[in-house]
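Data first, discussion second: the structure below is written as structure tokens.
What follows draws every value from the coordinates through simple rules; no lab data is involved. For clarity, every value in this text was computed on a predicted model and none was experimentally measured. Cβ: placed from backbone, ideal geometry, glycine included. Neighbour counts: every protein chain shown.
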Amino acid sequence: MRIAVTGNEGQVARSLRERAQTLGHLVISLGRPALDLASDAELIAEAIAETHADVVVSAAAYTAVDKAESDRALAEAINVRGAAAVADGARRIGVPLLHLSTDYVFDGSKPAAYTEVDPTNPASVYGETKRDGEEAVMAAYENVAILRTAWVYSPFGNNFVKSMLRLAADRDEIGVVADQHGNPTSALDIADGLIAVAANLIGSSKPELRGIFHMAGRGTASWADLANAVFEASKRIGGPSAIVRQIGTSDYPTPARRPANSRLDCGKIGRVHGVALPHWNTSIVQVVERLAAPTIPTTGNS
């Protein structure tokens, strides 16, 4: 399978390259400066079409949640118009598109996990642009699976897990928000899910394989729960650890409002695509072991 993915250094793009290589697939990464999602739509579509891929994964996005509150124009350019241009590129070569979206399309007020039929009501500019991006992609092309995920972490890029380990190297106690809940999701698991869904779309034209799906790690947690799991896994292998002090959202104000409930019901993608990502408790250990393992000095004859 020849997979084109937007983004060079993003968590999903790097995870997809790693996972695809082990399965014998070719991944073509398109990122800046060769592909700038804030640039001319025609140039973006042409760059996608020139890959001659079997499937396109739209993974790159404007993800600076707080910065987007004062930078709406750029967030819209990338997450809406840029996403639509990627979809147009996939349309030109007639291949399926997998577009990654987010739990932030919801406002977090629902007491239960969100399903794909729940109305969106984003509480932040970032969430609004991702919701608008979903709509723009579906308007541009019909051979699309939109995959909403949440709380992404990995051995790559910047993410919550890496931040916790970095802070624990210098602090004995860290305050972490305990009143927001969601599905922590390894980008490595997302990559596995993307490959499975891509194969399904390539192999069948059934309309039920297209549309909106939730694809996140099994199990839910608060940020404080996730931090505790990170430190427990790290401590077991001699890595940095700290005590988690539970705090409320009001104790950690941010420019963008976060959903109190980001939980996603992932039953649909299991029924339709046969995809069920592992429990976050399992995946977090694997990622922490890659990030926090102490360096073992090597010796040799000189």
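Restricting to the chain, compute how many DSSP beta bridges are antiparallel as a %, nearest 5.
Working: 2 of 33 bridges.
The answer is about 5 percent antiparallel.
Over all directions, how big on average is the projection of the convex hull of the alpha-carbon atoms in the chain, in square nanometres?
On the way: hull surface 69.1 nm².
Averaged projected hull area, Cα only: 17.3 nm².
Cut-off is 10 Å between beta-carbons; in what order do His273, His279 appear when sorted fewest neighbours first? Walk me through the intermediate numbers first.
Values: His273 20, His279 14.
Fewest-to-most Cβ neighbours within 10 Å comes out as His279, His273.
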- Solution diffusion estimate, µm²/s, Stokes-Einstein, region 47-180, Kirkwood Rh from C-alpha pairs, 4 °C, viscosity 1.567 mPa s: 79 µm²/s
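Among residues other than Leu277 whose Cβ falls under 12 Å from its Cβ, what is the net charge (Lys/Arg +1, Asp/Glu -1)? Please list the in-between numbers first.
On the way: positive: Arg218; negative: Asp189, Asp192.
After counting each charged neighbour, the total is -1.
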- Per residue convex hull volume, Cα atoms of region 17-105, in Å³: 111 Å³
- Item | Angle between the chain longest axis and helix 11-23 axis [Cα atoms, degrees, rounded to 10] | 80 degrees
- In the neighborhood of Asp265, defined by Cβ-to-Cβ distances under 13 Å, what is the net charge if each Lys or Arg adds +1 and each Asp or Glu adds -1? +3
- Note on the structure: For the chain, longest principal axis from Cα atoms; helix 125-140 axis from its Cα atoms; angle between them, nearest 10 degrees, is 30 degrees
- Simple Cβ-charge dipole of region 69-149, Lys/Arg +1 and Asp/Glu -1, about Cα centre, in debye nearest 20: 240 debye
- Note on the structure: Largest fluctuation, Tyr141, Tyr252, Tyr114 only, Gaussian network model of the chain with Cα springs under 10 angstrom, belongs to Tyr252
- Note on the structure: So, over other residues within a Cβ distance under 15 Å of Gly248, counting Lys, Arg +1 and Asp, Glu -1, the net charge is 0
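Could you work out how much longer the chain between Val117 and Ser250 gets when fully extended? Use 0.36 nm per residue separation minus the Cα distance between them, nm to one decimal.
On the way: separation 133, 0.36 × 133 = 47.88 nm, distance 3.01 nm.
Residue separation times 0.36 nm, minus the Cα-Cα distance, leaves 44.9 nm.
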- Task: Rank the residues Asp225, Asp66, Asp170 as a footprinting-exposure proxy: fewest other Cβ atoms within 10 Å of their Cβ go first.
- Result: Asp170, Asp66, Asp225
- For the Asp265, Asp66 Cβ pair and Förster radius 22 Å, calculated FRET efficiency rounded to 0.05 is 0.20
- Across bins of 5 angstrom width beginning at 0, how are the C-alpha pair distances of region 170-246 distributed, in whole percent? 3, 14, 16, 16, 14, 11, 8, 8, 6, 4, 1
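With an 8 Å Cα cut-off and a minimum separation of 6 or more residues, compute the relative contact order for region 42-127 in percent. Could you put the intermediate results ahead of the total?
Numbers: 96 pairs, mean separation 34.8, N = 86.
40 percent.
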- Task: Enter the angle in degrees (range 0 to 90, nearest 10) between the Cα long axis of helix 83-93 and the first principal axis of the Cα atoms of the chain, meaning the one along which they spread out most.
- Result: 50 degrees
